Amino acid sequence: MDYQNIKAEQKDSLLYVTINRAEKLNALNKATLLELADVFSGVTLNEEIRGVILTGAGEKAFVAGADISEFAQYTVEEGEQLSRTGHADVFDAIENCPKPVIAAINGFALGGGLELAMACHIRIAADTAKLGLPEVTLGLIPGYGGTQRLTQLVGKGRAFEMIATADMISASKAEEIGLVNYCVPAAALLQKAEELFQKILLRAPLAVAAAITATNAAVKKDVDGFEVEIKEFGSCFGTADFKEGVNAFLEKRKPRFNGK
Ligand code: COA
């Protein structure tokens, strides 16, 4: 698929995905969502890619929300469909991606933009970024998982306050309440994401994937997270990486994992 709204550039084992509609503050129109769905299904299948850094083009915005101009005339049914498809094809797909996805929040992360960042496994924000869920100003609520993921990350009281007031918060406040893992100077944003990957890439890829599955299960209501952990823990014993990790420890050397 040729991308018109995102850029996907592989450097070594990392894929840098940039939402590339800076003139519209990287708002998520349907075409962008289709391209994101496509790029993330490729990430899952591509053995060379070990992780993704997701960011926005330009200095102003990560993503300023869903593209408001596209749903202005929607009916109840079309609204529900927009949300359902977005959840399945993009937001849940990112959360369930077996390779870690780090959101590098370079500016406004509003509405669907903050929801996109919250679907990622780790969030790092530039100190210039502003984060919020302003949907109620449009007569809507967040529809790409925002009511659930924000509540999981910061607790119900803070989540409701952000959603009901529509207030934006600073990156440092977001770090204080656990909405982002780190708030860093804007110039150091990608470097911080790469630094985290320098560590993650040394670890056993299948164990990292199992950790994603198990930590995701902790916040899914329809699954027993402890049971998921038990199964994932057990399946790690069937991997060559487990044997390599244990042998390397016993032989006092660094492990060489190959994701098998
Ligand atoms: N959907 C569609 N277009 C959007 C957009 C969105 N969510 N956010 C920004 N844009 C467009 C603007 O319409 C404008 O386009 P134009 O130049 O063709 O008029 C362009 O991006 C620049 O935005 P602008 O509003 O002029 O920038 P600003 O610096 O004055 O304000 C924001 C920045 C982020 C405060 C403002 O754009 C905003 O409130 N955006 C909507 C945020 C939102 O409600 N998101 C939730 C959607 S569900």
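The values are calculated or read from the model by the stated rules, or taken from the named source; none is laboratory data. Bear in mind the structure is a predicted one, so any value in this text is a computation, not a measurement. Cβ sites come from the backbone with ideal geometry, for glycine too, and all protein chains shown count toward neighbours. What goes into the accessible areas is simple: the full protein's heavy atoms, side chains included, and nothing from ligands, DNA or RNA. Shrake-Rupley method; radii C 1.70, N 1.55, O 1.52, S 1.80 Å.
Odds and ends about this structure:
- Enumerated helices (runs of 4 or more DSSP H) restricted to the range 53-158, each holding at least 1 residues that are hydroxyl-bearing (S, T, Y), within 9 Å of the ligand (Cβ to nearest atom) and surrounded by fewer than 18 Cβ atoms within 10 Å (Cβ to Cβ): 68-71
- Flag if A22 is touching a helix residue (DSSP H, G or I) at 6+ places or on another chain (Cβ under 9 Å), more than 22 Å from K192 (Cα to Cα), hydrophobic (A, V, I, L, M, F, W, C) and within 11 Å of the ligand (Cβ to nearest atom): no
- Restricted to helices (runs of 4 or more DSSP H) entirely inside the range 194-260, those with at least 3 residues that are over 18 Å from D92 (Cβ atoms), open to solvent by 50 Å² or more (accessible area, probe 1.4 Å) and not assigned by TED's automatic domain parsing to the domain that holds L45 are 225-236, 240-250.
- Note on the range 25-52: residues that are away from the ligand (no atom under 16 Å from the Cβ) and part of a loop (DSSP other than H, G, I, E, B) amount to 5.
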